[in-house]
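Notes follow the structure.
The values are calculated or read from the model by the stated rules, or taken from the named source; none is laboratory data. Keep in mind it's a predicted model, so treat the numbers as computed, not measured. Cβ: placed from backbone, ideal geometry, glycine included. Neighbour counts: every protein chain shown. Ligands, DNA and RNA are stripped out before the accessible areas are found, and what is left, the full protein with its side chains, is counted by its heavy atoms. Shrake-Rupley method; radii C 1.70, N 1.55, O 1.52, S 1.80 Å.
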Amino acid sequence: MSSSLLRPALVLGLLSCVGPFAIDMYLPAMPDIGADLGTSVAAMQGTITAYFLAFGMAQLFYGPWADQAGRKPPLYAGLAVFLLGTLICTLAPSITWLTMGRFVQGLGGAAVMVVPRAIIRDMATGHQATRLMAAIMLVISVSPMLAPLAGAGVMAVASWRWIFGVLAVAALLSLLMIRFVLAETLPPMQRQHFDLTDTLRGAKRLLSDRGFMALTFLGGFAMASFFVFIASGPFVYTQAFGLSPTGFSLAFAVNAIGFFAASQLAAGFGMRFGAARVVRVAVLGFFASTVSLVLVGTLGFASLPVVMAGLFVANAFLGLVIPTVMVLALEEHGDIAGLASSLGGTLQMLAGGVMIALTAPFFDGTALPMLAAIAVCGTIALALSRGVRVQAAVT
């Protein structure tokens, strides 16, 4: 990557970490939060679903706004809303208030996901964009390793409420970084006047594009598998496997390393073998590894080392899939990159939220229901990978 892209990659990566930290940092505390608020596992999983649903829906708003007003105003507004939601979570007296706060957090956190994607499209296309996306994923991928450990560290010296206090400080620092470090990448002459008819026309164009939809939902169900793990993993690892919050954080970090390492190979593999081929092969590997885990679990061999090793391999394949499909999905829609990013992000987050809601009733405290839900995501992603050929033919 050229030196001119290194700084924005770092800035965008740090901004994009706000959302993952909001998801991952409180995971080690979920059992304690549930006990403190006197609620059930399903209700605690509902706080994650609320975040994802709000996160997904709000992207429909931030994308067109970013195309109209430039990239920075939506970032300011989103982080301000995120800060409000974080304060609600910090002071929440009940699970209802915590869920409400998580919903507001998701409404704001969407901005720091959808707008950076549009900024990437402003700055680069093709393999250069994949390299930039991979560099950002490098920064983002550190967050699943650090966020749970940071949450466990906070719990070691203070109550779970201080986890949200730390997130509030992160939001304030992000606002300062946008103001003083991040440059605007959409010149006024390239901005689009918001028109509902044009927006609906653009949405219709995207929804009728088989390649865009296949890639969007492929990435959506790939990420949904990780969302299922996020919702169930804290309880499986601490209750079924007997890990402490810190132990869970370390196990979670191991799973993230596979994704982090593989994501850095995505651009190079795409240049050598073609992005579409990389996606198809990686999805096949993801499917095979997740189905194998279910078979192992059904036979009664789903021990902690086996589950960790299997998820490490599965997440490594996801590291090749997710940054590549993000770039492919936007490649042919540069003129409506903000709308394409927001619509794609909405559909992906909704897929994740729906998967959590559908699988939560089957959770029984063991690893098998979680592994089965992840395998379902892998099966759907494999079916959708056939649509990558449509998109590849025009890139």
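Listing for the model above:
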read-out	value
Of all residues in the range 186-231 being polar (S, T, N, Q) and under 24 Å from the mean Cα position of the chain (by Cα), the one that is modelled with the highest pLDDT	Ser225
Qualifying residue in the range 247-267 (condition: modelled with pLDDT under 85, among the aromatic types (Phe, Trp, Tyr) and farther than 30 Å from Trp160 by Cβ)	no
Selected residue (only one of Ala183, Ala135, Ala129 is over 30 Å from Thr49 (Cβ atoms), at pLDDT below 85, open to solvent by 10 Å² or more (accessible area, probe 1.4 Å) and assigned to a helix (DSSP H, G or I))	Ala135
Residue under evaluation Gly310, criteria (1) under 17 Å from the mean Cα position of the chain (by Cα); (2) over 27 Å from Leu60 (Cβ atoms), criterion not met	(1)
Residue under evaluation Leu27, criteria (1) over 17 Å from the mean Cα position of the chain (by Cα); (2) open to solvent by less than 10 Å² (accessible area, probe 1.4 Å), criterion not met	(1)
Failed condition for Gly109, given (1) open to solvent by less than 10 Å² (accessible area, probe 1.4 Å); (2) at pLDDT 95 or above; (3) small (Gly, Ala, Ser)	(2)
Qualifying residue in the range 163-179 (condition: modelled with pLDDT under 85 and crowded, with 18+ Cβ neighbours inside 10 Å)	no
Residue count, the range 313-327 (criterion: over 14 Å from the mean Cα position of the chain (by Cα), open to solvent by 10 Å² or more (accessible area, probe 1.4 Å) and either closer than 22 Å to Ser232 by Cα or modelled with pLDDT of 80 or more (or both))	4
Total residues in the range 59-106, condition open to solvent by 10 Å² or more (accessible area, probe 1.4 Å), under 25 Å from Ile336 (Cα atoms), touching a residue at least 40 places away in the same chain (Cβ under 8 Å) and of a type outside the set (Ser, Thr, Tyr)	8
The range 344-364 - residue that is out of contact with any helix residue (DSSP H, G or I) (no Cβ under 6 Å at 6 or more places or on another chain) and more than 23 Å from Ala203 (Cβ to Cβ) and, of those, surrounded by the fewest Cβ atoms within 10 Å (Cβ to Cβ)	Pro361
Residue within the range 330-343 that is crowded, with 22+ Cβ neighbours inside 10 Å, modelled with pLDDT of 90 or more, in a helix (DSSP H, G or I) and out of contact with any Ser or Thr (no Cβ under 6 Å at 6 or more places or on another chain) present	no
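Residues are listed down the side, and each one gets a yes or a no for (1) without any contact (Cβ under 8 Å) to a residue 24 or more places away in the chain; (2) within 30 Å of Leu196 (Cα to Cα); (3) of a type outside the set (Gly, Ala, Ser):
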site: Gly270; (1), (2), (3): no, no, no
site: Val283; (1), (2), (3): no, no, yes
site: Val294; (1), (2), (3): no, no, yes
site: Asn315; (1), (2), (3): no, no, yes
site: Val321; (1), (2), (3): no, no, yes
site: His333; (1), (2), (3): no, yes, yes
